[in-house]
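Below is one structure, written out as structure tokens; the observations come after it.
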Amino acid sequence: MVDFNAADGTQSFTRTFGNQLSEGQRKGKYMLFDRPGPLTIMNSAGAIPALMTAAQGQIDTILVPGAFGNNMLELFQTTAQTLAPIYNAKGILIGGDVVDNESVEYVPGGNRAENPFAYVAGTDPGVFIRATLEITDSSGSDQMCLGFRKQEAYAVPVSFLTTGDALYTDFAGIGFSGTAAANLVKSMTDIGNLGSTTVFSTGFTWADTKIHQLEVRISKRQVQYLINGSRPGERITKDGIGGALATQTPLVPPAYTFTAGLNLIPFFFHRYDATTPGAVYLRRLEVGQLLEVGLQPEGRGPQAG
């Protein structure tokens, strides 16, 4: 895996100018932060800063200090939230109210058609979202989905479980979908709003006290999932920051191809379970076009938007 390096392409000990940055970065099409400082939160009424108002359906804007590139996250209170996401030495505590069935959704760049991270399937250069997470007790989170969905009005999903309807028309993501007994990493998809989420278990066991990395990529409308930097089907021996991990070889999820022409945006959904919920920390988040991290060189050139 090749990470972005802002120094690449510049001469040592010389200044870096705006025209040396990629067009995608200048247009806010790339975001990277790692355990940022205290957050600034604006509520839908525009108050700066503001605490959550415990109103289901409220939309809150989060500005992330120290982020490279775009620094805006949008939070949708799927259920009424009293506790705002806060900075912690481990990252951003993103679960909100740590209560059974409490849910929240985050959208980098905002839930809007002109989201700078938006991807028109089959037209735009490929995209990715990569999150490094630490969960105190994963058995307390029964639904968690990181990925891309059709840009449409926020929904209040029935569930991301096999028999549940997540309500979003089209989406593909990776995370948790199941009972709290053992949180195995699973893929979750829907196409054309079939009415029930398609869930596939990779068999990868999420080890508590470890830091794990989940990633979803889209290239030429095809979805690819990664766990700790490895594709399912490959042996995984490291956690999300390179620490030793008992070897696991996840199963390969079914192929998924987004319908051409869909306008897709990155998102992250989380829902707590009845089992004693554990703190969920977003340690690091990276979102952008694959060409920004050297994974789709054929996509270079003038970028739309």
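We did not get these values from a lab; they are worked out from the coordinates using the rules stated. What you see is a predicted model; the values in this text were computed from it and never measured. Virtual Cβ from ideal backbone geometry, glycine too; neighbours counted across all protein chains shown.
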Q: For a footprinting-style exposure proxy, rank Glu134, Glu23 by other Cβ within 10 Å, fewest first.
A: Glu23, Glu134
Q.
For Met72, Met188, which order do you get if you count the other beta carbons within 10 Å of each Cβ and list the fewest first?
A. Met72, Met188
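What Kirkwood radius, in Å to one decimal, follows from the Cα pairs of segment 81-215?
Numbers: mean 1/r = 0.0628 Å⁻¹.
This gives a value of 15.9 Å.
May I ask you to derive the FRET efficiency for Thr257 and Arg35 from their Cβ-Cβ distance with R0 = 25 Å, giving the value to the nearest 0.05? Could you put the intermediate results ahead of the total?
Working: r = 35 Å, r/R0 = 1.40.
Taking R0 as 25 Å, the efficiency between Thr257 and Arg35 is 0.10.
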Q: Output the Cα-based Rg and Dmax of segment 18-291 in Å, rounding Rg to one decimal and Dmax to a whole number.
A: 17.2, 52
Q) Cross-link partners among lysines for Lys220, C-alpha distance below 30 Å, same-chain residues fewer than 8 apart left out? A) Lys27, Lys29, Lys150, Lys186, Lys238
Q) So between Phe68 and Arg231, what do we pick up on full extension, going 0.36 nm a residue minus the alpha carbon distance? A) 56.1 nm
Q) What ranking do Leu194, Leu146, Leu290, Leu133 get, fewest neighbouring Cβ atoms within 10 angstrom at the top? A) Leu194, Leu290, Leu146, Leu133
Q) Using a basic spin-label model with each label point 7 Å from the Cα along Cα→Cβ, how many nm lie between Leu83 and Lys27? A) 3.9
